[in-house]
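Structure first, commentary second.
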Amino acid sequence: SSLFLLLTASALAQTPRPGVNYDEAKVGTDRLPDLKLTTAQEWTQKRRPEILELFEDYVYGKTPANIGAPKFEVTATKADALGGLATRKFIHVSLPDRPAWPGMDVMLYTPNGTKAAPCFVGLSFGGNHAVSTEPDVPLSTRWMRESKEKHIVDHRATEATRGTESSRWPLEMILKQGFAVATAYYGDIEPDHADGWKDGLRAAVSRDGAGTVWKDGEWGAIGAWAWGLSRIADYLQTDAQVDGKHLAVIGHSRLGKTSLWAGVQDERFGVVISNDSGEGGAALMRRDFGETTAIITKAFPHWFTPNYAKYAGNAAACPVDMHMLIALAAPRPIYIASASEDHWADQKGEFLSGKYASPVYALFGKQGVGVDAQPAIDTPVGDFIGYHNRTGKHDVTDYDWTQYLKFASRHWVK
Ligand code: GCU
């Protein structure tokens, strides 16, 4: 199969933003880095570790190995949550060796009346009280991005923020199908702003003082958030109501970039899901469409290792592209989703990374996306690499969850 980016001329209607390309005829023709495929064995033993290291060096940075063992305390259990459908627990995760990190509060819902449940694991933008509509979920007290529309006042959540993220987490629908959900506020791990690391995990682990400059290859915020997802996976191995061998990691947008990075590093995530992850996530960086490396590294430099900014405006020089990130999940099932109005995330670039990762799945005798061209809107495709482009805007909807539940069920109920 061709390693060249496919070009089809189709001008897309989108409110123009100066300097941002939305013309498919102008995405560029840069060649993707070669996956250098030989055998499944050589992929697993040699090529995969090499590529993982390239992503550490050039994109997300390396997660320090010496962070220390986490401690888990179940702080509350409610056996009749969601009208009796579920058991709800809160688990405080801390690092006894790194007391400067304030820790993370995980909210876990497990379905009642079933055996140990497979579990979706994902971080939220607004905290546990925004994910759930239950009035007794403690309000997050942590730093949040100021937002009138989201009722964040003086960087803190207010009562009005309860349930504001619940449409993205259809708990009843997920639990009724026999799946558990484990989630935490991403800002518990590190507040999402340029100086956020000073009050988060990265300072507690890697730095003593403020004002330190991060070096090439050191981890960014996405790396820290991904670490948090793996600690949730640690806890889930110990909870009798969860089947710790069947964990799906999920995330939207910047947290979709995070779920990809967590999912490729931590093989306990048997299913990896990227919802509208876009640039710095599933979208090929060599395509100049919507957000680019130049834009993202300027707006959100703290998400990545400093090296990544060197490819601003020069993605062609980067040793990796995002088909290689998707391929790192192989042979585990991975799902990439786009939304039809989300041109900023480059839907076609998201599809193509799945397409160009598919030959790696073929090495394992598994089919990836299974189609050559991006499918029509609302037409899910793929076997081990799932893909759809849902009608609508940048968001997580019931349509998206319906596909993820089907995908996980198909791969797990065998
Ligand atoms: C911005 C950013 C995207 C990101 C998104 C989000 O739009 O440019 O890269 O995915 O925020 O996280 O919602």
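Placing unit charges on the Cβ atoms of the charged side chains and taking the dipole of the chain about its Cα centre, the candidate lying farthest along the positive direction among His151, Gly68, Gly223 is Gly68. Within segment 263-307, which residues have the backbone N less than 18 Å from the label spot 7 Å out from Arg410 along Cα→beta-carbon, could you tell me? Within reach of a label on Arg410, which here means backbone N under 18 Å from a point 7 Å along Cα→Cβ, segment 263-307 contributes 270-276. Panel values: segment 108-161, Kirkwood radius from alpha carbon pairs, Stokes-Einstein at 37 °C and 0.692 mPa s, translational diffusion coefficient 256 µm²/s.
Result for the chain in a Gaussian network model with C-alpha springs under 10 Å: among Thr212, Thr39, Thr297, the largest mean-square fluctuation is at Thr212.
The C-alpha atoms of the chain define a longest principal axis, and helix 347-363 lies at about 90 degrees to it.
Test of understanding: given the chain, find the longest segment containing no GluC sites (Glu not before Pro) that are in a DSSP loop and have at most 14 other Cβ atoms within 10 Å. Counting only loop sites that pass the neighbour cut-off, the longest clear stretch is 268-414. Solvent-accessible surface (1.4 Å probe) assigned to His394 amounts to roughly 70 Å². Net charge of the neighbourhood of Asp192, taken over other residues with C-beta under 10 Å away and scored Lys/Arg +1, Asp/Glu -1, is +1.
For segment 260-381, the Kirkwood estimate of the hydrodynamic radius, built from every pair of different alpha carbons, is 14.7 Å. Between amide H atoms placed 1.01 Å from N, distances below 5 Å from Asn389 occur with Ser338, Asp378, Thr379, all of them 5 or more places distant or on a separate chain. Rounded to the nearest angstrom and listed largest first, the equivalent-ellipsoid semi-axes of the chain from its Cα gyration tensor are 31, 24, 22. The charge dipole of the chain, taken about its Cα centre with unit charges on the Cβ atoms of Lys, Arg (+1), Asp and Glu (-1) only, comes to about 560 debye.
Dipole check for segment 36-155: with +1 at the C-beta of Lys and Arg, -1 at the C-beta of Asp and Glu, and the Cα centre as origin, the magnitude is about 260 Debye. Evaluated on segment 87-244, the Kirkwood hydrodynamic radius is 16.4 Å, with distances taken between all distinct Cα atoms. Note on segment 371-414: Kirkwood hydrodynamic radius from all Cα pairs is 11.3 Å, rounded to one decimal. You can think of it this way: the chain between Asp378 and Asn112 has 92.5 nm of extra reach, that is 0.36 nm per residue less the Cα-Cα gap. Would you work out which of Leu236, Trp101, Val59 lies farthest towards the positive end of the dipole of the chain, given +1 charges on the beta-carbon of Lys and Arg and -1 on that of Asp and Glu, about the Cα centre? Ranked along the dipole, the leading option is Leu236.
For segment 165-181, backbone phi angles converted through the Karplus equation (6.51, -1.76, 1.60; θ = phi - 60°) give residue-by-residue couplings of 10, 5, 5, 7, 10, x, 4, 4, 4, 6, 5, 5, 8, x, 9, 8, 9 Hz, Gly and Pro being listed as x. If one takes the longest principal axis of the Cα atoms in the chain, at what angle in degrees, from 0 to 90 and to the nearest 10, does the Cα axis of helix 398-412 lie? Roughly 90 degrees, rounded to the nearest 10. Divide the volume of the convex hull around the Cα atoms of segment 196-306 by the residue count and you get 114 Å³ per residue.
Fully extending the segment from Thr44 to Glu172, taken as 0.36 nm per residue of separation minus the present Cα-Cα distance, adds 42.2 nm.
The values are calculated or read from the model by the stated rules, or taken from the named source; none is laboratory data. Source: prediction; values computed, not measured. Positions of Cβ are generated from backbone atoms using ideal geometry, with glycine treated the same way; all protein chains shown enter the neighbour counts. Only protein heavy atoms, including side chains, enter the accessible area calculation; ligands, DNA and RNA are left aside. Shrake-Rupley method; radii C 1.70, N 1.55, O 1.52, S 1.80 Å.
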